[in-house]
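Asks: Below you will find the structure I want to go over with you.
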Amino acid sequence: MIIAMAISSHAQKNINNVPVGEKVFLAANTTTFVTGETLHCKMYVLDQYTRTASAISKIAYIELIDHAKKIVSKQKCYLENGAAHADIFIPTTFETGHYKLIAYTQWTLNVSASNFYQTDITVINPFAAAKTNTANIFATTSTEKVPQTATASSATVKSNKKTYALRERASLQISADAGNYTLSVRKTDNLFENPQVNPSHFMASLLQQQNSPNSGALLPELRGEMISGKIVSKTSGYLKNVTVALTFKDKTFAMKLAKTDKDGKFNFILDHFPLNSEAIIQVYDEKRDGYSIEIDNSIEPDFSKLTFPTELNVTAADKQIIEARSIASQIENAYYNLKKDSLQQMKPVWPFYNTLQTEYLLDDYTRFPTIRETITEILQEVGFTKNRHGYTIFVRNYHAETSVYGPPLVLIDGCPIQDLNELFDYPANAVHKVGIINNPYIYGPKTFSGVISFTTKSNDFEPKTNFPFIKKTMLLRPAQEKYYFMPDYSTDKNSSIPDYRHQLLWLPELEITEKNTEISFFTSDVTGNFEITLQGFSSNGTPVFIRDFIEVR
C-alpha cells in the first residue's frame, strides 16, 4: 500500500533564531508627478547589522498616502534577494497636493507601527484645483534628518557622448561591484522636486538607528505571504484542531489546509505562484454548520506621526512645465496598447497531487449527462452510495483497505466539496477531466483515503457560499513583476508612433555580475536635460549613488 504525502504549509522559523533587525530603503524615479504619469520605485530590504540583503522577509508593502493620511494605493511585493520593484499609475482622480510614499515589511513594523521608510511625493492634477494652500511659496523639508556624508564607492557611469539627437541610441558604460542596482534616465525640469535620501545617506542613518524588534507581536513573513483569521463557534463548541481550507481560483488553482489553535486562529503560508486574488475559505469539518469565518485585516502602519507640507505655489514657468508634461503623458497613454509593459512569465503551477493521479479526459470516452453515470461508467476507481441523508463517495483499491483513512478529498476546480449534492447536481458535460488517487493521501494536517479532483472546461465552478462557514473574498496578492517597454529605433518598426517619454529608461533590477556592464537605450521626441541615476547596494552592503547628465537636442 502506498501512502501519498504533500505538505501544504510550514511553520514559521522560531523567532528567537531569526536575525533581529531589518531596514527598508526605497528609491523612486522622481518625486513630483503630473496625473497620467507613472511612479516607479525600487525597494531594498537590508539586514540591519550586516547591511546586506535581508534573508528574513519574503513580502514587502508599498503604499501611497494622501494628506488626509488615507491610503490611495497599496501594493504587496514578493522580495527576491531582499529587493522588489513596483509602479503606481497616477490617475486624474488624485488631487493636487502632497503625498507620502512609504515602504515596510511586517517584520519592520514589529519594532513599532511607525517604523517604515517614507519619502515626500507631490502630485499635480492640471484638471482639478488644489485643495491645499496655494497662496504661499512651495516649501518642504525632509521629515527625517539624515547625515550628509556618503560612503565611498568606486562605481562609475559614463555615457558614450553628452549630446544626443532625437531617437538616437545612447550607451552607458557602468563600472560597479557585483550587486543589485536601479538605473534611471529621466528628464529634469525642477518641478517641485523634493529631496530624496540616497543609499549612502540611508546607510549612515541606519548605523545610528540600531532598533531591535520587540517581543514578537508580529511574525516575519519568512517563507512567503501569510493569510490569517479565526473561526467563531455559534454553539460554543471546540475551536482547536478544526481544519480550514483555502482555495485560489483561476485556470490554475492552489489549495491549502490548516488547523486552528485553541483560540480558533488559523494561518496559511502561501506559495509564490499562482498570484490569483479570488479566494474561497471554508471550515472543512463535519460540524462546519456551527462555525463562521473571520479573516484578519491586513497589518497597517501608524500614520499619526506623518507630517505634510501645506504650501504649494505654481508659477508661470511651472505652468508651462506642467502643461508640457500633461500633454506628453496624454500622448503616451493614447498609444498605451502599442507600448505596453510585459508581465514576467509566471512559473507553471501544477495541482499538489500532480504525477500521482490516474487522469480521465472525459472527451476520450462516451459522454454521459450526469455525474452519477460518469462515475459508474468511466471512473473505475470511484464509487458512491445514496441514502436519505444524501450521497457518499469513496475510492476503490482492490489491494488495500483505504476507508480507515476517512473519506476521500473531493475537489472541483481545486475547491473542496463537502456537500456532495453540489457534485452530483453539476452538469457532467461541463467537466473536462477527472484526476484520481486511490491510495491514502496525507495533505497538510489531514489524511484522506484518496483524492478525486474534477476540473471543469471553463474553470468557473462556484460553490455555494451562502453559509457562514464558507467565505468568498478578494485578497491583496503580490503584483506580478514587469519588463518595462523600451522602443528600438534601429529598425522602422516604431518610426510612425509618437514618442513623448520623459522617462527614457527605468531598470529596477540591474544585476551586475561583472565589473563593466553596458546598457543602451533610445532617446525620445522630448528635448532637454536628462538625469542618469545609478543607485543601490553591492553584494557586500556598500551603498552606491551616482548621477550624470546628458542633453537631447
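The values are calculated or read from the model by the stated rules, or taken from the named source; none is laboratory data. These figures come from a predicted structure and were not determined experimentally. Cβ: placed from backbone, ideal geometry, glycine included. Neighbour counts: every protein chain shown.
Asks: With the condition kept exactly as written, say whether any residue in segment 138-157 is in a strand (DSSP E or B), at pLDDT below 80 and assigned by TED's automatic domain parsing to the domain that holds Glu311.
Replies: There is no residue in segment 138-157 that is in a strand (DSSP E or B), at pLDDT below 80 and assigned by TED's automatic domain parsing to the domain that holds Glu311.
Asks: Only one of these conditions is not met by Tyr398: (1) crowded, with 17+ Cβ neighbours inside 10 Å; (2) outside any helix (DSSP H, G or I). Which number is it?
Replies: (1)
Asks: Please verify whether Lys265 is out of contact with any Gly (no Cβ under 9 Å at 6 or more places or on another chain), at pLDDT 90 or above and not aliphatic (A, V, I, L, M), treating the condition exactly as stated.
Replies: Considered against the rule, which asks whether it is out of contact with any Gly (no Cβ under 9 Å at 6 or more places or on another chain), at pLDDT 90 or above and not aliphatic (A, V, I, L, M), Lys265 comes out as no.
Asks: Restricting to segment 36-46, name every residue that is hydroxyl-bearing (Ser, Thr, Tyr) and surrounded by 23 or more Cβ atoms within 10 Å (Cβ to Cβ).
Replies: The answer is Tyr44, and nothing else.
Asks: Which residues, taken from segment 319-367, are under 23 Å from Leu275 (Cβ atoms) and buried (at least 17 other Cβ atoms within 10 Å of the Cβ)?
Replies: Scanning segment 319-367 gives Val349, Pro351, Phe352, Tyr353.
Asks: Among (1) among the small types (Gly, Ala, Ser); (2) buried (at least 16 other Cβ atoms within 10 Å of the Cβ); (3) not in a strand (DSSP E or B), which single condition is Ser496 missing?
Replies: Ser496 satisfies all of (1) among the small types (Gly, Ala, Ser); (2) buried (at least 16 other Cβ atoms within 10 Å of the Cβ); (3) not in a strand (DSSP E or B) except (2).
Asks: Contact list please: Cβ distance under 9 Å, first residue in segment 169-186 and among the acidic types (Asp, Glu), second residue surrounded by fewer than 22 Cβ atoms within 10 Å (Cβ to Cβ) and in a strand (DSSP E or B), pairs at least six apart or on different chains.
Replies: Listed by first residue and then by second, the contacts come to Asp177/Ser538.
Asks: In segment 199-240, which residues are assigned to a loop (DSSP other than H, G, I, E, B), modelled with pLDDT of 85 or more and either closer than 26 Å to Ile59 by Cβ or among the acidic types (Asp, Glu) (or both)?
Replies: Pro220, Glu221, Leu222, Arg223, Gly224, Glu225 - these are the residues of segment 199-240 that are assigned to a loop (DSSP other than H, G, I, E, B), modelled with pLDDT of 85 or more and either closer than 26 Å to Ile59 by Cβ or among the acidic types (Asp, Glu) (or both).
Asks: Continuing with this model, one more query. Can you name the number of the only condition in (1) surrounded by fewer than 20 Cβ atoms within 10 Å (Cβ to Cβ); (2) more than 15 Å from the chain's Cα centre (by Cα); (3) touching a residue at least 60 places away in the same chain (Cβ under 8 Å) that Thr93 fails?
Replies: (3)
Asks: Here's a follow-up. Please go through segment 95-137 and give me each residue that is hydrophobic (A, V, I, L, M, F, W, C) and modelled with pLDDT under 85, ordered by number.
Replies: Answer for segment 95-137, where residues must be hydrophobic (A, V, I, L, M, F, W, C) and modelled with pLDDT under 85: Ala128, Ala129, Ala130, Ala135, Ile137.
Asks: Another question, if that's okay. With the condition being aliphatic (A, V, I, L, M) and within 23 Å of Lys305 (Cα to Cα), I'd like the strands (runs of 3 or more DSSP E) fully within segment 54-123 carrying at least 2 qualifying residues.
Replies: Those strands (runs of 3 or more DSSP E) span 59-65, 71-78, 97-104.
Asks: Also: Restricting segment 388-415 to residues that are touching a strand residue (DSSP E or B) at 6+ places or on another chain (Cβ under 9 Å) and among the polar types (S, T, N, Q), which is farthest from Val283 (Cα to Cα)?
Replies: Thr402
Asks: Is there any pair with a first residue in segment 390-412 that is closer than 16 Å to Lys446 by Cβ and assigned by TED's automatic domain parsing to the domain that holds Thr247 and a second that is assigned to a loop (DSSP other than H, G, I, E, B) and charged (D, E, K, R) whose Cβ atoms are under 7 Å apart and which are 6 or more apart or on different chains, and what are they?
Replies: Within 7 Å, the pairs are Val395/Glu381.
Asks: Here's another thing I want to ask about it. Going residue by residue through segment 372-386, is there one that turns out to be over 36 Å from the mean Cα position of the chain (by Cα), farther than 27 Å from Trp506 by Cβ, of a type in the set (D, E, K, R) and modelled with pLDDT under 95?
Replies: The answer is yes; a qualifying residue exists.
Asks: Ok, one more. Filter segment 75-87 down to the residues that are in contact with a Leu (Cβ under 7 Å, 6 or more places away or on another chain) and surrounded by fewer than 22 Cβ atoms within 10 Å (Cβ to Cβ) and list them by number.
Replies: Lys76, Asp87
Asks: For segment 484-498, how many residues are at pLDDT below 90 and either within 33 Å of the chain's Cα centre (by Cα) or at positive phi (or both)?
Replies: So the answer is 1.
Asks: Now for a separate question. From the residues in segment 300-318 that are under 30 Å from the mean Cα position of the chain (by Cα) and surrounded by 14 or more Cβ atoms within 10 Å (Cβ to Cβ), which one is nearest to Phe127 (Cα to Cα)?
Replies: Ranking the qualifying residues of segment 300-318, first place goes to Phe308.
Asks: With respect to Ala317, determine if the residue is among the aliphatic types (A, V, I, L, M) and free of Cβ contacts under 8 Å to residues at least 12 places away in the same chain.
Replies: yes
Asks: So, one more: Of Gln418, Gln380, which residue is under 23 Å from Asp289 (Cα atoms), part of a loop (DSSP other than H, G, I, E, B) and assigned by TED's automatic domain parsing to the domain that holds Gln282?
Replies: After applying the criteria, what remains is Gln418.
Asks: Just checking, which of Thr513, Thr456 is surrounded by fewer than 16 Cβ atoms within 10 Å (Cβ to Cβ), polar (S, T, N, Q) and at pLDDT 90 or above?
Replies: When all the criteria are applied, what remains is Thr456.
Asks: Taking the conditions exactly as written (modelled with pLDDT of 95 or more, under 30 Å from Leu362 (Cα atoms) and either more than 25 Å from the chain's Cα centre (by Cα) or buried (at least 17 other Cβ atoms within 10 Å of the Cβ) (or both)), does Ser524 satisfy them or not?
Replies: It is false that Ser524 is modelled with pLDDT of 95 or more, under 30 Å from Leu362 (Cα atoms) and either more than 25 Å from the chain's Cα centre (by Cα) or buried (at least 17 other Cβ atoms within 10 Å of the Cβ) (or both).
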